[in-house]
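The values are calculated or read from the model by the stated rules, or taken from the named source; none is laboratory data. Predicted, not measured: the structure shown is a model, and the values here were computed from it. With ideal geometry, Cβ positions are generated from the backbone for all residues, glycine too; neighbour counts draw on all protein chains shown. Remember, those area values only see protein heavy atoms, side chains included, never the ligands or the DNA or RNA. Shrake-Rupley method; radii C 1.70, N 1.55, O 1.52, S 1.80 Å.
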Amino acid sequence: MLKNSFFVVFFMISLLATSQEIKETNTDSLYFKSLRSYKKQDFQTSLKLANKGLQLAPEYHDIRILRIRDYWALNMLLNASKDLEFLLEKAPDYPGVREMVLKQTRFLKDPVEALKYIDKIEKKDSLNHDLKLLKAQLLLENKQPSEAREIALELFNNPELDKNDRYVLQNILKRTISNEIGINYQYISFSDDYNREDWQTISPEFQHYFNKTAVIARLNYTNRVSKDGILYELEAYPVFSDKVYAFVNVGISDGNLYPNLRTQASIFFNIFKILELETGGRLLHFSENDYFSGVLGMTMYQGKFYLNTRVFLGPEFGDRLIQNYQFNLRYYLNNVDNYFFLRLGTGISPDQRAIFTQVQKYPDLNAYYSNLGINFSIGPRHIIQLGAGYLFEEINTKDEGDQVVGSLGYRFRF
């Protein structure tokens, strides 16, 4: 009895399997049936139909592309990889193929596995800019910053990069520097209306990256002939994700020229992949007085242009709220280290270390400034910056004066 029951069940299963065998031989019909099943999220049926279609016509690329999508839906990444390799060999320029290779790579969560897959693809075909950019990201994630930077620098002049790509590229280039030492010099010449000697400031600094976080130690020495002062600073740029990072700064001095305590903080958010928003504050402590400024900013990467607007509101002196509005522009040349820069603004911001003390004496008076310069690299390690600026301000309620500012900076990367 048991034996007979077994044969009956076996016969019924065989009959069912036979009834589910695909009889269709028209490949176009198989493709559209498979597509309909895929849209209904019946991925198993869609895969069976696609398999049948490719048995009949292995060169039917649309069916193979659909089968790859089925594999993705069913988490069969190894099978999808084999089909993509077939397409790269037989039809690398077929619409959608390279985009699918990029997507397949992103599905591989482990950066080591993803890099192995890209290397395998690269042996068969040259990588397009999307895959090169992804490879640079993966190398950075895999703690290979020098290799990531090499690819990013190569990509920087690629005209095919869109706004989103350029934003990603900027972040890679920012995060692939290990160490820098630098020195900046600023000279301020005053018109005769001021009746004062020229000022000079020199600022040596050292920068190191701890994983994604840049930390800078800086010393600012200012000489105003009649007196001088030193501000010691520690600065950091912690990165929380691809879309969020921060800026934190603490400075101390003897209070002779600079604030006794200077603290600054901002947080930056990327939205829509091309805009960066900033919000934060600055707190300066002079002797027994505290001055707070709020900060709002927005940055856009538009092709080779970096466009930034920034507003500082405060501190408040009596009934007067000090306000600083500025516009910053960069035009990049052949890479991220070579660019022209321009700054236009009204008011004096708390970030302007050497001249902010002027605001304390006459908070009701106006100031307008401009600054123009160039930043350029010599080889992979040497960065030079030259700048010149002009500031017009009301010295007091009766007099007006001009300042001419010159600056020179040098940085060495290692």
Matching residues in the range 249-298 - criterion: being over 24 Å from residue 323 (Cβ atoms) and assigned to a strand (DSSP E or B): 250, 252, 253, 270, 271
When residues of the range 394-408 are limited to those that are of a type in the set (D, E, K, R) and open to solvent by 80 Å² or more (accessible area, probe 1.4 Å), the one farthest from residue 341 (Cα to Cα): 398
Close pairs (9 angstrom Cβ cut-off, 6 or more residues apart or separate chains): in contact (Cβ under 8 Å) with a residue 12 or more places away in the chain and open to solvent by 70 Å² or more (accessible area, probe 1.4 Å) in the range 28-42, of a type in the set (S, T, N, Q) and in a helix (DSSP H, G or I) anywhere: 33/45; 33/46
Any hit, the range 385-393, residues being surrounded by fewer than 17 Cβ atoms within 10 Å (Cβ to Cβ), closer than 30 Å to residue 256 by Cα and acidic (Asp, Glu): no
Per-region count, the range 210-232, residues within 25 Å of the chain's Cα centre (by Cα), buried (at least 18 other Cβ atoms within 10 Å of the Cβ) and either among the aromatic types (Phe, Trp, Tyr) or farther than 30 Å from residue 273 by Cβ (or both): 1
Tabulated pairs, the range 209-222, first part of a strand (DSSP E or B) and among the charged types (D, E, K, R), second at pLDDT 95 or above and surrounded by fewer than 16 Cβ atoms within 10 Å (Cβ to Cβ), C-beta under 9 angstrom, 6+ apart or interchain: 218/204; 218/206; 218/232; 218/234
Every residue from the range 132-162 that is under 22 Å from residue 303 (Cβ atoms) and aliphatic (A, V, I, L, M): 133, 134, 136, 151, 152, 153, 155, 161
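Table: residues versus (1) in a helix (DSSP H, G or I); (2) farther than 30 Å from residue 66 by Cβ; (3) β-branched (Val, Ile, Thr).
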site	(1), (2), (3)
115	yes, no, no
127	no, no, no
131	yes, no, no
147	yes, yes, no
176	no, yes, yes
182	no, yes, no
188	no, yes, yes
Options 45, 25: the member that is over 19 Å from residue 128 (Cβ atoms) and assigned to a loop (DSSP other than H, G, I, E, B): 25
